[in-house]
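Peer 1: Please read through the structure below; I'll follow up with questions.
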Amino acid sequence: MIAGRVWGIVLAAGESRRFGSHKLLAPFRGHPLAWHAFTAAAQAMERGLLEGVVVVCAREDAAVEAMAMAARLKTTTSPDPTMAASLRRGLSFLAEQLEPPEAALIFLADQPLILPGQIDAVLAAAAGCSALVCRPRYQATPDAPGHPVFLRRAAWNTADALAGDQGFRELIASGRLSLKICELPGACPDIDTPADLTTLEALD
């Protein structure tokens with residue numbers, strides 16, 4: 001287990017431009033797409049792995065906000081839909097808590113295949129090292145940045161250097177952030193287009 005408290009952040013403020021409609025509400029295996037990530041984060045909280053979870057929503061996205069609240073998650077809104085702005089808003093929300101947590105675990109709302117074992121593995125890997133970032137590398141997609149991403153509080157201010165739909169990958173590559181890779185089997189794809197969703201639906 002991690003020494004210190006961890007909160008989850010679920011990024012759910014994107015514009016779904018490539019999808020053509022509100023992808024987080026698109027049906028997947030009987031539920032809206034975002035419901036799966038929200039449920040995975042909520043279950044991690046129920047198991048005592050996360051002290052709390054906040055969902056970063058787009059402004060006036062009442063449907064996603066209501067879904068998050070139904071999962072007993074907290075919500076906040078991002079000033080714009082980019083990943084950089086959403087990360088900053090989520091981390092600021094955690095920093096504003098009366099007792100800020102020691103780390104954040106960052107989820108993407110358009111990744112519906114997050115499993116408890118993946119969360120457990122990332123947290124266990126983070127507990128066994130001092131790296132500021134711990135992220136999974138999935139065997140089937142080794143070149144794609146994996147989620148959920150563990151980020152220690154000492155690294156939160158580096159989000160100020162991010163822009164657009166940039167995550168922490170470039171800061172890691174530059175050596176500004178130390179990284180621990182957690183090797184995991186399979187894949188945990190994100191959904192960008194209707195074709196991505198159709199492909200995922202066809203999997204067992």
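Peer 1: Using the Kyte-Doolittle scale, find the helices of the chain whose mean hydropathy is at least 0.5 and whose Cα atoms extend 15 Å or more along the helix's long axis, counting only whole DSSP H runs. Kindly include the intermediate steps, with their values, before the conclusion.
Peer 2: Numbers: long enough: 33-46 (21 Å, 0.54); 83-95 (18 Å, 0.81); 116-127 (16 Å, 1.04).
Helices meeting the span and hydropathy rule in the chain are 33-46, 83-95, 116-127.
Peer 1: Okay, next question. Net charge within 15 Å of PRO136 by Cβ-Cβ distance, Lys/Arg positive one each and Asp/Glu negative one each, not counting PRO136 itself?
Peer 2: Working: positive: ARG135, ARG137, ARG169, LYS180; negative: ASP120, ASP143, GLU183, ASP190.
Value of the local net charge: 0.
Peer 1: How high is the FRET efficiency from ALA195 to LEU115, r the C-beta distance, R0 25 Å, rounded to 0.05?
Peer 2: Working: r = 23 Å, r/R0 = 0.93.
My answer for the efficiency is 0.60.
Peer 1: Shape verdict for segment 122-197, please, from the Cα gyration tensor: rounded (a/c under 1.5), prolate (a/b greater than b/c) or oblate.
Peer 2: Because a/c hits 1.5 or more and a/b fails to exceed b/c, segment 122-197 counts as oblate.
Peer 1: Ok, one more. Magnitude of the Cβ-charge dipole of the chain, K/R +1 and D/E -1, about the Cα centre, nearest 20 debye?
Peer 2: On the way: 18 positive and 22 negative charges, 79 e Å.
About 380 debye.
Peer 1: Quick check on packing: order 101-113, 175-187, 82-94 by the mean number of other C-beta atoms within 10 Å, highest mean leading.
Peer 2: Values: 101-113: 23.4, 175-187: 14.6, 82-94: 21.7.
Descending packing order for the listed peptides: 101-113, 82-94, 175-187.
Peer 1: Moving to a separate point now. Considering only DSSP beta bridges whose two residues both sit in the chain, what percent are antiparallel, to the nearest 5?
Peer 2: Numbers: 8 of 30 bridges.
Percentage antiparallel, nearest 5: 25.
Peer 1: Further, regarding this structure: With the contact rule set at Cα under 8 Å and sequence spacing of 6 or more, what percent relative contact order holds for segment 90-204?
Peer 2: Values: 147 pairs, mean separation 38.1, N = 115.
Taking the mean separation of contacting Cα pairs over the length of segment 90-204, I get 33 percent.
Peer 1: Per residue, how much accessible area does segment 125-192 show when a 1.4 Å probe rolls over the protein heavy atoms, in square angstrom? Before the final figure, lay out the partial values.
Peer 2: Working: 3300 Å² over 68 residues.
With all protein chains present, segment 125-192 gives 49 Å² per residue.
Peer 1: Now for a separate question. Could you look at the chain and say what percent of its accessible area is carbon and sulfur, using a 1.4 Å probe and all protein chains? Present the calculation step by step, with values, prior to reporting the outcome.
Peer 2: On the way: 5070 of 9510 Å².
The value for the chain is 53 percent carbon and sulfur by accessible area.
Peer 1: Now for a separate question. May I ask you to work out the translational diffusion coefficient for segment 1-94 at 10 °C, viscosity 1.306 mPa s, via Stokes-Einstein with Rh from the Kirkwood sum over Cα pairs, reported in whole µm²/s? Numbers along the way, then the final one.
Peer 2: Numbers: Rh = 13.5 Å.
D, rounded to a whole number, is 117 µm²/s.
Peer 1: Now, a different point. Estimate the FRET efficiency between THR141 and ASP80 by the formula 1/(1 + (r/R0)^6), using the beta-carbon distance for r and 22 Å for R0, to the nearest 0.05.
Peer 2: Values: r = 28 Å, r/R0 = 1.27.
That pair, THR141 with ASP80, gives E of 0.20.
Peer 1: Using only the Cα atoms of the chain, what are the Rg and Dmax in Å?
Peer 2: Every Cα atom of the chain included, Rg and Dmax give 15.6, 45 Å.
Peer 1: Hey, can you find the accessible area per residue of segment 38-97 for me, probe 1.4 Å, expressed in square angstrom?
Peer 2: Details: 2600 Å² over 60 residues.
In whole numbers, segment 38-97 has 43 Å² accessible per residue.
Peer 1: Another question, if that's okay. Only Cα pairs under 8 Å and at least 6 apart count here; give the relative contact order of the chain as a rounded whole percent. Each step should come with its number before you reach the end.
Peer 2: On the way: 395 pairs, mean separation 51.2, N = 204.
For the chain, the relative contact order is 25 percent.
Peer 1: If you don't mind, there's one more thing I want to ask. Where does the chain land at 222 nm, in deg cm²/dmol rounded to the nearest 500, when only DSSP H runs of n ≥ 4 count, each adding -39500 (n - 2.57), divided by all residues?
Peer 2: On the way: 6 runs with 62 residues, N = 204.
Rounded to the nearest 500, it is -9000 deg cm²/dmol.
The values are calculated or read from the model by the stated rules, or taken from the named source; none is laboratory data. Quantities reported herein were computed from a predicted structural model and do not represent experimental measurements. A quick note on method: Cβ atoms are made from the backbone with ideal geometry, for glycine too, and the neighbour counts reach across all protein chains shown. These area figures cover heavy atoms from the full protein model, side chains too; ligands, DNA and RNA do not enter into them. Shrake-Rupley method; radii C 1.70, N 1.55, O 1.52, S 1.80 Å.
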